[in-house]
Amino acid sequence: MKLQLAIDLEDVNGAINLIEKTKDSVDIFEYGTPLVINFGLEGLQTIREKFPDITLLADIKIMDVASYEVEQAYKYGADITTILAAAEDQSIKDAVGAAKKAGKELLVDMIGIHDVAKRAQELDAIGPDYIGTHTGYDLQALGETPFETFNILKDNVTKTKTAVAGGIKVNTAQRIIDEGPDVLIVGGGISTTDDPAESARQIKALMPKD
Ligand SMILES: O=C(CO)[C@H](O)[C@H](O)COP(=O)(O)O
């Protein structure tokens with residue numbers, strides 16, 4: 001099981017500091033959507049140049065023109081990129097094709113999908129590397145969590161690795177780790193704590209080794 005740290009900060013230097021602090025416990029660093037909005041893929045490239053050996057995911061949440069956007073993310077240093085499950089099947093097929101051609105990986109983000117079972121089956125047949133359930137910040141604010149939808153996802157994939165995100169903290173991580181995601185994605189539950197290095201270490205310590 002891998003721990004992914006979602007870096008949803010507003011500046012690249014803050015991201016670099018957070019990576020320095022947490023890199024002993026984190027398997028995948030996510031260049032979060034706020035960084036994408038503020039600094040584009042050039043910010044990702046800065047991080048890649050500073051840390052040539054980390055695994056970097058670009059959370060660009062693609063909806064269209066998938067081959068081009070996926071290729072750009074890899075060109076600027078991503079190992080993994082994201083597309084939304086709400087995109088057309090053709091876009092997802094194009095993204096899977098572009099990822100395979102580049103020898104990189106693709107995560108499909110289920111945010112906003114209501115029939116999780118049906119879409120998970122359809123995506124599983126298309127063949128991305130990961131499908132992730134995700135309770136976004138706007139629904140977290142209403143008290144929603146990704147726990148239930150993660151179980152539906154798990155029950156409806158046969159070959160695709162699974163991921164889960166949305167408000168997971170040190171004190172709620174065990175519950176979802178017990179369900180066996182391949183990737184546990186944590187943002188604020190690490191980055192907004194008093195000691196991000198210790199929070200990352202505690203969550204990683206709960207996980208079974210790969
Ligand atoms: O993609 C995101 C928001 O759209 C976040 O990166 C994801 O929700 C994880 O962050 P957190 O653990 O703080 O919810």
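Computed from the coordinates by the stated procedures, all read-outs in this text should not be read as laboratory data. These numbers were taken from a predicted model, which means no experiment stands behind them. Ideal geometry is used to build each Cβ from the backbone, glycine not excepted, and the neighbour counts take in all protein chains shown.
Taking the conditions (1) within 16 Å of the ligand (Cβ to nearest atom); (2) buried (at least 16 other Cβ atoms within 10 Å of the Cβ) in turn, Asn38 satisfies each one other than (2). The residues of segment 182-191 that are within 8 Å of the ligand (Cβ to nearest atom) and either surrounded by fewer than 16 Cβ atoms within 10 Å (Cβ to Cβ) or assigned to a strand (DSSP E or B) (or both), listed by number, are Ile185, Val186, Gly188. Taking segment 19-93 and the strands (runs of 3 or more DSSP E) fully enclosed by it, the elements with 1 or more residues that are in contact (Cβ under 8 Å) with a residue 60 or more places away in the chain are at 28-31.
Any idea how many residues of segment 153-181 are surrounded by 15 or more Cβ atoms within 10 Å (Cβ to Cβ) and under 22 Å from His114 (Cα atoms)? Count: 15. If you check Ala87 against the conditions, is it of a type in the set (A, V, I, L, M, F, W, C), away from the ligand (no atom under 16 Å from the Cβ), more than 22 Å from Asp182 (Cα to Cα) and buried (at least 17 other Cβ atoms within 10 Å of the Cβ)? Judged against the criteria, Ala87 is not a match. Comparison of Ala98, Ala125 shows that the only residue that is under 16 Å from Thr162 (Cα atoms), in a helix (DSSP H, G or I), away from the ligand (no atom under 16 Å from the Cβ) and not hydroxyl-bearing (Ser, Thr, Tyr) is Ala125. Quick one: which of Ile113, Ile131, Ile152 is touching a residue at least 40 places away in the same chain (Cβ under 8 Å) and either part of a strand (DSSP E or B) or of a type in the set (A, V, I, L, M) (or both)? That would be Ile131, the only listed residue that is touching a residue at least 40 places away in the same chain (Cβ under 8 Å) and either part of a strand (DSSP E or B) or of a type in the set (A, V, I, L, M) (or both).
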